[in-house]
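Student: My questions all concern the structure below.
The values are calculated or read from the model by the stated rules, or taken from the named source; none is laboratory data. In this text the structure is predicted, and so the values were computed from the model without any measurement. Positions of Cβ are generated from backbone atoms using ideal geometry, with glycine treated the same way; all protein chains shown enter the neighbour counts. Accessible surface is based on the protein model in full, side chains and every heavy atom, while ligands, DNA and RNA are left aside. Shrake-Rupley method; radii C 1.70, N 1.55, O 1.52, S 1.80 Å.
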Amino acid sequence: MRIVFLVLIFLTIQYGLNSQKRIETLKTEKEKLQKENYMAQLQSLRNQMDPHFLFNSLNTLRSMVHQKHKNSEEFILNLSNFYRSTLQHKTSNTLSLREELSFLNSYLELMKSRNDEAIRFSIPTSDPDFSKYHLPSFGLQSVVENCFKHNSMSSKLPLNIRITVTDDN
């Protein structure tokens, strides 16, 4: 009877240990699948952004050149910087805060060129610590794009965008 009881305890412990290993394996697989899903979503967003944004930017540029707008050259430079950054970091999952803010600044300059006085923005200047922190690639741009999509703007009521870094980072 004692032997049967000990065998049952041993088998119960074995079963518990095996179950724990299976749970850990399933958790690891779930995390891996979630990561792959997020990567696919990020790539999909990048692919959607490029053609539409480029088309709108080229139309804006055409209009600026036609009107002999004084900021046409600046617009071309900002567009060039924006797409250079996009191409350089297309495969990166994260960017340093410094790179992300620089990229966002180029994007906002383009949007400001399109909308003149209807946009005002403030982005913190570079800080040595900005290289230590990382964000998902083009994450800030996605947030700012939502500001444009879900708000109205005019020269009388401009859209004010302010990016800040708090003391506790």
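Student: Take the Cβ-Cβ distance between residue 29 and residue 1 as r, set R0 to 41 Å, and report the resulting FRET efficiency rounded to the nearest 0.05.
Tutor: In this case the efficiency is close to 0.45.
Student: Among 39, 17, 88, whose Cα sits farthest toward the positive end of the charge dipole of the chain (+1 at Cβ of Lys/Arg, -1 at Cβ of Asp/Glu, about the Cα centre)?
Tutor: In the chain, that residue is 17.
Student: Further question: May I ask you to derive the relative contact order of the stretch 33-169, considering only C-alpha pairs under 8 Å and at least 6 residues apart, and to give it as an integer percent?
Tutor: Here the relative contact order equals 24 percent.
Student: For residue 68, list the aspartates and glutamates whose Cα falls under 13 Å from its own Cα; do not include residues on the same chain fewer than 8 positions away.
Tutor: Cα-Cα hits under 13 Å: none found.
Student: Work through the residues other than residue 157 whose Cβ is under 13 Å from its Cβ and net out their charges, Lys, Arg +1 and Asp, Glu -1.
Tutor: So the surrounding residues net to +1.
Student: Given Cβ point charges of +1 (Lys, Arg) and -1 (Asp, Glu) and nothing else, what value in debye, to the nearest 20, does the dipole of the stretch 1-138 about its Cα centre take?
Tutor: 500
Student: Tell me the Rg and the Dmax, in Å, that the Cα atoms of the chain produce.
Tutor: Answer for the chain, Rg first and Dmax second: 25.4, 99 Å.
Student: What residue among 125, 79, 97 has its Cα farthest toward the positive end of the dipole of the stretch 68-136, where the charges are +1 on Lys, Arg and -1 on Asp, Glu, each on the Cβ?
Tutor: 79
Student: Hey, quick one: spin label on residue 131, modelled 7 Å out along Cα-Cβ, who in the stretch 87-121 has an amide N within reach, i.e. under 14 Å?
Tutor: What the label zone holds, given the 14 Å backbone N cut-off, is 96-100.
Student: Then there's this: Considering only 24, 36, 99, give the residue with the highest GNM mean-square fluctuation for the chain, with springs between Cα atoms whenever their separation is below 10 Å.
Tutor: Maximum among the listed residues: 24.
Student: With Cβ to Cβ distances under 10 Å as the rule, what net charge do the other residues near residue 135 carry (K, R +1; D, E -1)?
Tutor: Summing Lys and Arg as +1 and Asp and Glu as -1 gives -2.
Student: Here's something else I'd like to know. Just the Cα atoms of the stretch 80-169, one point each, no solvent: what log10 I(q)/I(0) does Debye give at q = 0.18, 0.20, 0.21 Å⁻¹?
Tutor: -0.83, -1.00, -1.07
Student: Quick check: at a probe of 1.4 Å, how many percent of the accessible area of the chain sits on carbon and sulfur atoms?
Tutor: Reported share for carbon and sulfur atoms: 57 percent.
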